[in-house]
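All of the numbers you see were taken from the coordinates with simple rules; none came from a lab. Owing to the predicted nature of the structure, the values given are computational and were not obtained by experimental measurement. Here Cβ is always computed from backbone atoms with ideal geometry, including for glycine, and neighbour counts include all displayed protein chains.
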Amino acid sequence: MVLVSLLFLNLLHALDLVHLRSYSRSLGERMLPSAICSSIQAVLTMWARASSSSSNLFVLMVLLLPLVTVAFSFALKLASPPASHITALTFIISGTSVIITASEGLLSIVPLEYIYGPLALILHSLSLTWLAKVSEMERSHPPDSQASVFDIYYTQLVNQSWVLGLLWCLHPERPWHVLSQANWRSLLFHGYLLAILLLGMVLSFLVGVVALCVSPLAAALLHSVRYIVQPFFQLL
């Protein structure tokens, strides 16, 4: 998904639809914590989906994402942290959703989820907040030296590609084991794979842009809105 996003952005740049600066080492170093956090979080989430059909604890962690993001917004001292009434409203809605989900029972929890779930939650929240922090730092620079939203997101993708590649090579099984197990001769498999890649790419782009342009809390809500709203519909 990261590689497809990089190819798409480079294609837009080649067509003069999006202006991208060349990879900046200084910006890349500032974006490295966010890339490491988001990459490890993506690996943990993929592990949860592969090891359990329900991943109940990971769903519960997604519901807590806005609350933890608010906490990191204050911890990292963002220039514009969430207002008190927005924080209270987020706490009420997310807390109610967590209570409803937990009351239904958490079944089929793999023991490692108790470690990986909270870790993925913290890493995801920190990644979104760090994106907003870097965006604030760039806006404080002179207009000529400011990196655009696309430059920051492109740098994030480049860093992620290196981190994910390293994590893939460090996997206890051989890197090509997963690819060899796929049914590459099935057109249906290619259709599902393409749909997942495109939809995931669009969602990741929207979440990243919202974190850079609006706030990390808005990005966290965008990422978790489906899981937050679902318990309320079940009560109807």
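Neighbour counts of C-beta atoms inside 10 Å place Glu113, Glu104 in the sequence Glu104, Glu113, starting with the fewest. Note on Arg49 and Leu194: their simple-model spin labels are 1.9 nm apart, each label 7 Å out from Cα toward Cβ. Placing +1 on the Cβ of every Lys and Arg and -1 on the Cβ of every Asp and Glu, with nothing else charged, gives the chain a dipole about its Cα centre of roughly 140 debye.
In a fully extended conformation the segment linking Cys169 and Asn10 would gain 54.7 nm over its present Cα-Cα distance, using 0.36 nm per residue. Every Cα-Cα pair of the chain was included, and the share exceeding 33 Å stands at 22 percent.
Fully extending the segment from Tyr23 to Val110, taken as 0.36 nm per residue of separation minus the present Cα-Cα distance, adds 27.3 nm. Considering only Ala211, Leu198, Thr90, and ranking their Cα positions along the charge dipole of the chain that arises from unit charges at the beta-carbon of Lys, Arg, Asp and Glu, the one farthest toward the positive end is Leu198. For Ala71 and Leu187, what is the calculated FRET efficiency with R₀ set at 45 Å and r taken between the beta-carbons, to the nearest 0.05? Result of the calculation: an efficiency of 0.45. Neighbour counting of Cβ atoms within 10 Å sorts the residues Phe72, Phe150, Phe189, Phe233, fewest neighbours leading, into Phe233, Phe189, Phe150, Phe72. Site pair Phe205 and Leu119 shows an inter-label distance of 3.2 nm when each label is modelled 7 Å from Cα along Cα→Cβ. Taking a span of 27 Å or more along the helix axis (Cα atoms) and a mean Kyte-Doolittle hydropathy of at least 0.5 as the rule, the DSSP H helices of the chain that qualify are 84-103, 149-169, 187-213, 216-235.
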